[in-house]
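Engineer: Below: one structure in structure tokens.
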Amino acid sequence: MKDLSYLEGKPIAVLGAGGIGKAMAADCVLAGQEVVLCDLEPFASKTLDNLKNGFRFHGNQTNKFGFYREGVAKFNKITTSVEEAVKDAEIIIVALPAVGHKMFFKELIPHLRDGQIIHIFPDNYGTLVFRKMMREMNCDKKVVVGGWSSAPYGSRIESEGPFMLPSTRIIYRAITLRGAALPMTDQEVFLESVKYIGAMDAITQGLGPVGGNTVMDTGFSNVNPILHCPGVILGTGALENYGVIYGDNKNDFSIYCHVYSPTVSKVQYAVYQEECAIAEAMGVGIQPFEKEEFFSRSNILGSEYMGPGMHVPYEEVYEMALGTGPFSVNHRYMTEDIPIGCHVFHELGKKYGVKTPVIDAMINMANAMLDRDFYADGLTLDDLGIGHMTKE
């Protein structure tokens, strides 16, 4: 195992000040690390606006091993300059929706230094985009780049009326995540460096990280398209009527609590089966799930924070998920998970001769629901730099 002890005490740069970015940055501060938080306009004026008195990190943080940390984190520096954020950092965390990857990567790549390690949460094929942009920008810095199947927690930025508060509620903590580096020769260093990210402590002290079989594996193992897209599409009536003609408070709505059912789970399992067929045709990995794991309110999400066997029956209220939304169909559960998650599977299915009727149905329904054309707007294999590649 390569000695990475030089990372101890080094500053960490967190790029992206949304729900996951600020949560991870705060968690690292509370773990005793020096953190620089960076966001770009047009988001920064809102996301970085009210942090002068710190950022509150709290919540139930449900997890099997009871790992818990809370407090008010004061970041060492807050900036809108990526160059300033990363100049002293050895570990760089990119924690933002995939639609923002290119914007941040364009700013980051010219300021890379040899030896830096970049972690993308969640990857959503960001590692492929990053390496492609490095080639296009003639950057030959010797950096390690890898991504993760998900973020280390479920979290929600809190608000009061129209105002975003400097506070996040951590709903659960993952005790394991699946990650991979690009190229795979950097895998050992990438996984070892997790020990120097405070926001990953519940994982390193839980079941530990799992190395994926290529970054396609971590893309395939992102459970969001499986959980979110069928949940929103099949539950739109419940979503739009909750708190209107039934239900007490609209803000209590959750697709887990108010949509998931045995029939919805059948669709989610069908999406997973299509993903598995593509992974098999390509010869890459995917996180394994047993069929019965899909048939409960916690669905396959439960494995991330409680491990295999997590099961909340349909007949019970899933207290942890109450109020997690979404509260509109125009939400990242659709606007990100359809054009990135589902559309990449659609493209790979065509390339490798795997039929994807259920995934395609998700895209078609999303097109009608949002007046969009996600076939035209979705991420393509050429965008990832792999359109020309064979299985080999």
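Engineer: For I171, what residues show an amide H to amide H distance below 5 Å, using hydrogens built from the backbone and excluding near sequence neighbours?
Structural biologist: Distant-sequence amide H within range of I171: Q61, G154, S155, R156.
Engineer: Amide H of R297 versus every other amide H placed in the peptide plane: which residues, excluding those fewer than 5 positions away on the same chain, fall under 5 Å?
Structural biologist: V312, Y314
Engineer: Continuing with the same structure: Can you list residues from other chains, or at least 5 along the same chain, whose modelled amide H is less than 5 Å from the amide H of G212?
Structural biologist: Sorted by chain and number, the residues that satisfy this are G179, A180.
Engineer: Okay, moving on. Using the alpha-carbon centroid of each, what span in Å lies between segment 117-166 and segment 43-106?
Structural biologist: Using only Cα atoms to place each centre, the spacing works out to 11 Å.
Engineer: Could you tell me which of V329, G154, V267 has its Cα farthest along the dipole of the chain towards the positive end, charges placed at Cβ (Lys, Arg +1; Asp, Glu -1), taken about the Cα centre?
Structural biologist: Result: G154, furthest along the dipole toward the positive end.
Engineer: Run the reach check for K355 against aspartates and glutamates, Cα to Cα strictly under 16 Å, same-chain hits fewer than 8 apart removed. What comes back?
Structural biologist: The qualifying aspartates and glutamates are E274, E275, E280, E347.
Engineer: Just want to confirm a number: the relative contact order over segment 139-220, from Cα pairs under 8 angstrom separated by 6+ residues, in percent.
Structural biologist: Computed value for segment 139-220: 34 percent relative contact order.
Engineer: Excluding residues on the same chain fewer than 8 positions from K351, give the lysines whose Cα lies under 30 Å from its Cα.
Structural biologist: K102, K106, K132, K266, K291, K391
Engineer: Dipole of the chain, Cα-centred, from +1 at each Lys and Arg C-beta and -1 at each Asp and Glu C-beta, to the nearest 20 debye?
Structural biologist: Magnitude of the dipole: close to 400 debye.
Engineer: For the chain, build the charge dipole from Cβ charges (+1 Lys, Arg; -1 Asp, Glu) around the Cα centre, then report which of T79, M306, T176 sits farthest towards its positive end.
Structural biologist: Going by the charge dipole, the pick is T79.
Engineer: Please list, in order along segment 354-362, the HN-Hα scalar couplings obtained from phi with the Karplus expression 6.51 cos²θ - 1.76 cosθ + 1.60 (θ = phi - 60°), rounded to whole Hz, x for Gly and Pro.
Structural biologist: Taking θ as phi minus 60°, the curve returns 10, 6, 10, x, 6, 4, 4, 4, 4 Hz for segment 354-362.
Engineer: A further question on this structure: Return the label of the correct value of Cα Rg over 2.2 N^0.38 Å, as calculated from the structure shown, out of (1) 0.94; (2) 1.14; (3) 1.26.
Structural biologist: Correct label, based on the coordinates given: (1).
Engineer: Moving to a separate point now. So what is the relative contact order for the chain, in percent, with contacts set as C-alpha pairs under 8 Å and at least six apart?
Structural biologist: 15 percent.
Engineer: Take the chain, connect every pair of alpha-carbon atoms lying under 10 Å apart with a spring to form a Gaussian network, then pick out the residue of G66, G18, G349 with the largest mean-square fluctuation.
Structural biologist: Highest fluctuation of the listed residues: G66.
Engineer: Show which lysines lie in cross-link reach of K64 when reach means a straight Cα distance below 21 angstrom and same-chain residues fewer than eight apart are skipped.
Structural biologist: Counting by Cα, and skipping residues close in sequence, K64 has these lysines nearby: K195.
Engineer: Let me ask you something else. Quick one: check the C-alpha center-to-center distance for segment 296-349 versus segment 232-267, whole angstrom.
Structural biologist: Each part's Cα centre sits 13 Å from the other's.
Engineer: Taking only Cα atoms and a 10 Å spring cutoff, compute GNM fluctuations for the chain and point out the largest among G211, G198, G353.
Structural biologist: Ranking G211, G198, G353 by mean-square fluctuation puts G353 first.
Values quoted throughout were computed directly from the atomic coordinates according to the rules given, and no laboratory measurement underlies them. This structure is a prediction, so every number in the text was calculated from the model and none was measured. A quick note on method: Cβ atoms are made from the backbone with ideal geometry, for glycine too, and the neighbour counts reach across all protein chains shown.
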